[in-house]
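S.K.: Here's a structure for you.
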Amino acid sequence: SALNGTIGEMHAKKIVNLYNLAVKTGAPIVGLIDSTGVRLQESDDALNALSVVYRKMAQASGVIPQITAVFGPCGGGLSVLCALSDFTLMEAEKGRLFVNSPDAIEGNTKEKCDTSKAAFRAAETADVDICATEGELYGKLRALVSLLPQNNEDDTKFTDCADDLNRLTPDITGCIGDTAILLSQIADNNDFLEVKAGYARDMVTGFLRINGSTVGAVANRSEVYGADGKKEESFATVLSANGAEKAAEFVTFCDAFDIPVLSVTNVTGFKTCMCSEKRLSGAAARLALAFAESTVPKVSLIT
């Protein structure tokens, strides 16, 4: 809470020193942000402070997992820290993530559409991977860290598993539409952690363990069921631009950290609409490139 959590020259040096140690020892980095921005009184030194943190995060990309959790304001240049991270978690009520404040956007007000709130960032942008209350967020953060390898050379990321690899899953045929539920059915102890659940909901990405080994999952989805078992949304079995880009980014991360990829597929073609047509070929190319370049084991389940 010192100076409202603002970042200055010495603040940035402490972060950079921590990054140097983390890369050297092969340890993940977790950033907890509740900050009103850079220290304006430091002028150019404050701007340089952000730039050196950006550079260090870029150098660590693909070497160690980087996770950022937003608990309060995170605006302007600080929002780039979240974009440079591998995963961003956001507190549902008090968290604020923005480049420009909602009132600074022409024709918009905070009351009309609060573009800084977690609900908007999770559904309308690809910025937020997990959105939850503060009490739930710590558990989600711990679960994510426990699923990921410590670094890109960690080949011992296995846990003891009491679940039977050959157990029957009699309810799985009813989960073909909502693949998030399907993936939880085949996961150890039925534990599947979905990331970017609010964005491009026709595509599911997340992590699970199979026989104690972490696996990344990419699955298109035609139905969404809530916790009460009622259908919330339906989609055509087609590939959208947003869904393809979401999947491509996830596969690229899995490849960097040697995490096997499971694909669950039920696709009849590509989405047909003006908005999707503007970006679809490029998005499909990025997805194809991500799969083609990845050297991790890849298994496809066609449902």
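S.K.: What does the convex hull of the Cα atoms of the range 159-303 come to per residue, in Å³, rounded to a whole number?
M.R.: Cα convex hull per residue, to the nearest whole number: 109 Å³.
S.K.: Counting just the Cα atoms, what span does the range 130-205 cover along each of its three principal axes? Round to the nearest Å and put the largest first.
M.R.: Taking max minus min along each principal axis of the Cα atoms, the range 130-205 gives 35, 31, 25 Å.
S.K.: Checking a compactness column here: for the range 17-174, what do you get for Rg(Cα) / (2.2 N^0.38 Å), N being the number of residues?
M.R.: Expressed relative to 2.2 N^0.38 Å, the Cα Rg reads 1.24.
S.K.: Dividing the Cα radius of gyration by the Kirkwood radius, what Rg/Rh value follows for the chain?
M.R.: Looking at the chain, the ratio lands at 0.97.
S.K.: How much solvent-accessible surface does Ser281 expose, in Å² to the nearest 10, with a 1.4 Å probe and all protein chains in place?
M.R.: Accessible area of Ser281: about 90 Å².
S.K.: Subtract the Cα-Cα distance of Ile176 and Cys273 from 0.36 nm times their separation in residues, and report this length gain in nm to one decimal.
M.R.: 32.4 nm
S.K.: Given a Förster distance of 51 angstrom, what is the FRET efficiency for Asn166 paired with Lys14, based on the Cβ-Cβ distance and rounded to 0.05?
M.R.: 0.55
S.K.: Quick check: the distance between the Cα centres of the range 99-119 and the range 198-232, to the nearest angstrom?
M.R.: The range 99-119 and the range 198-232 have Cα centres spaced 30 Å from each other.
S.K.: Give me the compactness ratio for the range 74-141, meaning the Cα radius of gyration over 2.2 N^0.38 Å.
M.R.: For the range 74-141, the normalised Cα radius of gyration comes out at 1.09.
S.K.: A further question on this structure: Roughly what angle does helix 44-60 make with the longest principal axis of the chain, taking Cα atoms, 0 to 90 degrees, to the nearest 10?
M.R.: 30 degrees
S.K.: Express the relative contact order of the chain as a whole percentage, based on alpha carbon pairs under 8 Å and six or more residues apart in sequence.
M.R.: Rounded, it is 12 percent for the chain.
S.K.: How many percent of the alpha carbon pairs in the range 170-215 exceed a separation of 16 Å?
M.R.: 37 percent
S.K.: For n ≥ 4 DSSP H runs only, could you compute -39500 (n - 2.57) per run for the chain, divide by its residues and tell me the 222 nm figure to the nearest 500?
M.R.: -10500 deg cm²/dmol
S.K.: Size of the dipole of the chain about the Cα centre, Lys and Arg at +1 and Asp and Glu at -1 on the beta carbon, nothing else charged, in debye to 20?
M.R.: Charge dipole of the chain: 420 debye, to the nearest 20.
S.K.: Please name which of Phe192, Ala219, Gly269 has its Cα lying farthest along the dipole of the range 151-280 towards the positive end, using unit charges on Cβ (Lys, Arg +1; Asp, Glu -1) and the Cα centre as origin.
M.R.: The one lying farthest along the dipole's positive direction is Gly269.
S.K.: Apply 1/(1 + (r/R0)^6) to the Cβ-Cβ distance of Asn4 and Ser101, taking R0 = 22 Å, and write down the FRET efficiency to the nearest 0.05.
M.R.: E between Asn4 and Ser101, to the nearest 0.05, is 0.90.
S.K.: So, one more: Test of understanding: extend the Cα→C-beta vector of Tyr225 to 7 Å, then name every residue of the range 144-180 with backbone N under 12 Å from that spot.
M.R.: The answer is 171-180, whose backbone nitrogens lie closer than 12 Å to the label point.
S.K.: Contour minus end-to-end for Ile302 and Asp191, with contour as 0.36 nm per residue of separation and end-to-end as the Cα-Cα distance?
M.R.: Extra length available between Ile302 and Asp191 comes to 37.8 nm.
S.K.: Summing Lys, Arg as +1 and Asp, Glu as -1, what charge do residues with Cβ under 15 Å from the Cβ of Thr303 carry, Thr303 excluded?
M.R.: The answer is -3.
S.K.: Can you tell which of Val23, Leu3, Ser35 lies farthest toward the positive end of the dipole of the range 1-141, using +1 and -1 charges on the Cβ of basic and acidic side chains (Lys, Arg; Asp, Glu)?
M.R.: Checked the options; the winner is Val23.
S.K.: Picking from Asn151, Ile64, Ala49, whose Cα lies most toward the positive end of the charge dipole for the chain (charges on Cβ: Lys, Arg +1; Asp, Glu -1)?
M.R.: The one lying farthest along the dipole's positive direction is Ala49.
S.K.: How much accessible area does Met274 have with a 1.4 Å probe, in Å² rounded to the nearest 10?
M.R.: For Met274, solvent-accessible area is about 140 Å².
S.K.: May I pose another question? Could you give the length gained on full extension between Glu136 and Asn48, defined as 0.36 nm per residue of separation minus the Cα-Cα distance, in nm?
M.R.: 28.2 nm
The values are calculated or read from the model by the stated rules, or taken from the named source; none is laboratory data. This is a predicted model, so every value here is computed, not measured. Note that each Cβ is placed from the backbone with ideal geometry, even for glycine, and that neighbours are counted across all protein chains shown. Each accessible area value is taken on the protein alone, full model and side chains, heavy atoms only, with ligands, DNA and RNA left out. Shrake-Rupley method; radii C 1.70, N 1.55, O 1.52, S 1.80 Å.
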